[in-house]
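Down below is the structure, laid out as structure tokens.
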Amino acid sequence: MAINLELPKKLHTTIDQARDAALEIFRPISRKYDLAEHEYPVELDTLAYLYNGLAAAGQAGAGASGGRGDAGKERPEGYVANGGNMQSVLNSMWASYGDVGLMLSIPYQGLGNAAIAAVATDDQIESFGGEVWASMAITEPSFGSDSAAVTTTATRDGDEYVINGEKIFVTAGSRATHIVVWASVDRSLGRAAIKSFVVPRDNPGVTIARLEHKLGIKASDTAVIRFEDCRIPAKNLLGSPDVDVKKGFGGVMQTFDNTRPMVAAMAVGVSRAALEELRKLLEGAGLEIDYDRPAADQPAAVAEFIRMEADYEAAYLLMLRAAWMADNKVPNSLEASMSKAKAGRTGTDVTNKAVELASTVGFSERTLLEKWARDSKILDIFEGTQQIQQLIIARRVLGKSSAELK
Ligand SMILES: Cc1cc2nc3c(=O)[nH]c(=O)nc-3n(C[C@H](O)[C@H](O)[C@H](O)COP(=O)(O)OP(=O)(O)OC[C@H]3O[C@@H](n4cnc5c(N)ncnc54)[C@H](O)[C@@H]3O)c2cc1C
């Protein structure tokens, strides 16, 4: 049986809109906000408006506007529940084809939105006020990769939880309206007690301590956030409040199944941007990319280009598979990690190789190639590094637990 790799027609609008925004809104301001780190890209307000329109038509994806996921009851006409993850990855990919930093700054499209969409109930979404732009706060000064080491606490007090702790490197942390915070409801119960909470950014007890200066994605704000006796309604806990020590912390970890393909999509998008730019430069230099001849028989630069295009295609297809599985409720932890591992590595390889092959032009600021090489590195680090994805894949393939394979 032949495999149909065509995208459904309804997704073409998503791609066209995101691609147009990438080329007409993001690219012209890409360098400006690379140089003006921490300045809010006001042009993105236009995009928020566009995305709200898409969300109302069910075209913006799982993480869109208010985190409306499969749980919602009232649907505008034409809303498509199935396909939300696919829309999200395609949006992420094409917006990142424009600029990854700006993509991460699009209002109401935070990584926390995907987490909310995956598990929030209708009542919760309503109580968050409908429109939610949520960042994701997991990392702390004492850990990054080891998500089970959360020290931030959420102590139950009547109808509220009181949150105390510090989160670092929170993408969109100073701009988003809400923060999805990982905290332990009982540190004596280990990782099973880690839950995620939706905290309004302007809640008393929340302080944006500082913003980081970074190698790339400079248009994106990266915040250190402190929580001091921060009281939130108990219903802001996402998922089940029960602590099941037998199940571990699979509940919060499941959000990665939705967000990792999205980060993979960002890497696929920036790879595509670099490949298109490189193709122009190679062809401009008189090199012909001939798909009817073996790569090894062609000039070295062309052979490299063909190899990178193959990697790009593989990353793209893995991204589609992980998103398709999420949409169809097929467990996808393995495939989500595979998509992120492949795309993360492809993103850094393609963008750096493009700088190398374009040499002086690649290293200068005459094109965006050097910027894309800087921007792509983070996509192989956050939401789980390359090494962590490989560890997860190995555990799943070999049937080993996290205690057996560290
Ligand atoms: C720009 C930026 C934005 C970010 N945004 C967010 C965000 O929005 N929310 C959030 O919560 N966090 C965010 N992070 C944090 C990010 O998720 C962490 O940096 C990442 O998980 C790695 O953690 P770490 O930096 O502490 O590195 P470590 O965990 O200390 O790892 C250091 C190195 O060791 C490797 N390593 C670690 N454990 C193993 C192992 N068992 N086997 C093999 N190798 C291993 C890692 O792969 C890495 O190469 C962001 C980080 C950056 C730089």
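Give segment 315-346 a look and list any residue that's in a helix (DSSP H, G or I) and polar (S, T, N, Q), or say none.
The initial filter retains those residues of segment 315-346 that are in a helix (DSSP H, G or I), namely 315-327, 333-346.
Matches in segment 315-346: 333, 337, 339, 346.
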Test: residue 228 is within 27 Å of residue 88 (Cβ to Cβ), in contact (Cβ under 8 Å) with a residue 12 or more places away in the chain, open to solvent by 30 Å² or more (accessible area, probe 1.4 Å) and within 28 Å of the chain's Cα centre (by Cα): no
Single residue of 91, 52 found to be at negative phi, open to solvent by 30 Å² or more (accessible area, probe 1.4 Å) and either at pLDDT below 60 or not assigned by TED's automatic domain parsing to the domain that holds residue 214 (or both): 52
Per the filter on segment 132-165, residues more than 11 Å from the ligand (Cβ to nearest atom) and either of a type in the set (Lys, Arg) or closer than 25 Å to residue 386 by Cα (or both) are 148, 151, 156
When only residues in segment 359-385 that are within 15 Å of the ligand (Cβ to nearest atom) and assigned to a loop (DSSP other than H, G, I, E, B) count, which is surrounded by the most Cβ atoms within 10 Å (Cβ to Cβ)? 383
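With respect to residue 111, is the statement that it is within 16 Å of the ligand (Cβ to nearest atom), of a type in the set (A, V, I, L, M) and modelled with pLDDT of 90 or more true? Quick ask: steps written out before the conclusion?
Working: within 16 Å of the ligand (Cβ to nearest atom): yes; of a type in the set (A, V, I, L, M): yes; modelled with pLDDT of 90 or more: no.
So residue 111 fails the test.
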Somewhere in segment 266-284, is a residue under 24 Å from the mean Cα position of the chain (by Cα) and more than 27 Å from residue 336 (Cα to Cα)? yes
Under 6 Å between Cβ atoms, at least 6 apart or on separate chains: pull out the pairs that start in segment 386-402 with a residue that is touching a residue at least 12 places away in the same chain (Cβ under 8 Å) and more than 13 Å from the ligand (Cβ to nearest atom) and end on any residue that is outside any loop (DSSP other than H, G, I, E, B) and open to solvent by less than 50 Å² (accessible area, probe 1.4 Å). 396/334
Filter segment 141-166 down to the residues that are in contact with a helix residue (DSSP H, G or I) (Cβ under 7 Å, 6 or more places away or on another chain) and either among the acidic types (Asp, Glu) or on the phi > 0 side of the Ramachandran plot (or both), then identify the one that is surrounded by the most Cβ atoms within 10 Å (Cβ to Cβ). 160
Under 6 Å between Cβ atoms, at least 6 apart or on separate chains: pull out the pairs that start in segment 208-219 with a residue that is without any contact (Cβ under 8 Å) to a residue 60 or more places away in the chain and end on any residue that is more than 8 Å from the ligand (Cβ to nearest atom) and among the polar types (S, T, N, Q). 208/174
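Looking only at segment 186-221, filter to residues that are away from the ligand (no atom under 12 Å from the Cβ) and of a type in the set (Ser, Thr, Tyr); which one of those is modelled with the lowest pLDDT? Give the derivation first.
Our first condition is that a residue be away from the ligand (no atom under 12 Å from the Cβ); within segment 186-221, this holds for 186-195, 197-210.
Remaining after also requiring of a type in the set (Ser, Thr, Tyr): 188, 207.
Values: 188: 93, 207: 98.
Here the answer is 188.
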For residue 224, only one of the following conditions fails: (1) more than 16 Å from the ligand (Cβ to nearest atom); (2) out of contact with any Phe, Trp or Tyr (no Cβ under 7 Å at 6 or more places or on another chain). What is its number? (1)
Could you please tell me which pairs satisfy a Cβ distance under 6 Å, a separation of 6+ or placement on different chains, a first residue in segment 177-189 that is over 20 Å from residue 118 (Cβ atoms), and a second residue that is outside any loop (DSSP other than H, G, I, E, B) and among the polar types (S, T, N, Q)? 184/153
State which residue is surrounded by the fewest Cβ atoms within 10 Å (Cβ to Cβ) when the search covers only segment 167-179 and only residues that are at negative phi and within 9 Å of the ligand (Cβ to nearest atom). 168
Mind checking which residues of segment 316-345 are open to solvent by 10 Å² or more (accessible area, probe 1.4 Å) and of a type outside the set (A, V, I, L, M, F, W, C)? 316, 321, 327, 328, 329, 331, 333, 335, 342, 345
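The values are calculated or read from the model by the stated rules, or taken from the named source; none is laboratory data. Because the structure is a prediction, the values reported are computed rather than measured. Cβ: placed from backbone, ideal geometry, glycine included. Neighbour counts: every protein chain shown. Just so you know, the surface numbers come from the protein's heavy atoms only, side chains and all, with ligands and any DNA or RNA stripped out. Shrake-Rupley method; radii C 1.70, N 1.55, O 1.52, S 1.80 Å.
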